[in-house]
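Asker: My questions will all concern the structure given below.
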Amino acid sequence: MLLLTETKIRRGSFDVRKIIVACFLIISGLSLNAAARTEIVSVLEAVRIKNDKRAEALYFYEKNWKALREEALKKGYIHSFELIEVVAGERNGFDLILITRYENRTQFDKSEENFQALIKQQGSLKLLNDLKPGDFRESVFSITGKSAIIENRNW
């Protein structure tokens, strides 16, 4: 079951249904080492890099998003995470896909509380320069889904 939780899709020449189907396939196919897990919950966010500020965006996600998820992984707050750069030339309205996976619905339901505590520990945002996040990135959409088909792979 795939739930569209937020929609901020730019006007353009792409089919939203195709994006949702592609996202469902990504969420279903990328659950890592999930043989013993029956309820991996994945949150997928599509991000558009604004104004050709790729360096700023990647720095931001590595120093903030990734750092938070590494700590969340150590504390058992999440199952796994992944940042995917979309293949150049794809005309889909976004450049990055951020995926955070949770072992089950209970872990997912505690995610806001857990991440707020981690954000307080982390302190201020780490930025490459004086540009604020809204100057170089934009969330296009976010979806939450539960894995429907899980293949056991050791990545």
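Asker: Working only within region 131-152, note down all residues that are open to solvent by 20 Å² or more (accessible area, probe 1.4 Å), in a loop (DSSP other than H, G, I, E, B) and not basic (Lys, Arg).
Answerer: Leu131, Ala148, Ile149, Ile150, Glu151, Asn152
Asker: If I ask for residues that are of a type in the set (A, V, I, L, M), open to solvent by less than 80 Å² (accessible area, probe 1.4 Å) and in a loop (DSSP other than H, G, I, E, B), which ones from region 69-112 would you list? Even if it seems obvious, please write down each step before you answer.
Answerer: Initially, region 69-112 is screened for residues of a type in the set (A, V, I, L, M), giving 72-73, 78, 83-84, 86-88, 96-99.
Next, from what is left, pick out any that are open to solvent by less than 80 Å² (accessible area, probe 1.4 Å): 72-73, 78, 83-84, 86, 96-99.
Ile78, Val86, listed by residue number.
Asker: Hey, another quick one. If we keep just the residues of region 113-130 that are in contact with a helix residue (DSSP H, G or I) (Cβ under 9 Å, 6 or more places away or on another chain) and part of a helix (DSSP H, G or I), which is farthest from Asp52 (Cα to Cα)?
Answerer: Looking at residues that are in contact with a helix residue (DSSP H, G or I) (Cβ under 9 Å, 6 or more places away or on another chain) and part of a helix (DSSP H, G or I), I get Asn114.
Asker: Now for a separate question. Step by step: first the residues of region 113-130, then only those that are surrounded by 11 or more Cβ atoms within 10 Å (Cβ to Cβ) and not polar (S, T, N, Q), then the one that is nearest to the chain's Cα centre (by Cα). Which residue is that?
Answerer: So the residue we want is Phe115.
Asker: In region 89-110, how many are without any contact (Cβ under 8 Å) to a residue 40 or more places away in the chain and among the polar types (S, T, N, Q)?
Answerer: Qualifying residue count for the region: 1.
Asker: Also, quick follow-up: What is the residue count in region 10-67 for residues that are modelled with pLDDT under 55 and of a type in the set (D, E, K, R)?
Answerer: 3
The values are calculated or read from the model by the stated rules, or taken from the named source; none is laboratory data. Here the structure is a predicted model, which means the values were calculated and not measured. Ideal geometry is used to build each Cβ from the backbone, glycine not excepted, and the neighbour counts take in all protein chains shown. Heavy atoms of the whole protein, side chains included, go into the accessibility calculation; ligands, DNA and RNA do not. Shrake-Rupley method; radii C 1.70, N 1.55, O 1.52, S 1.80 Å.
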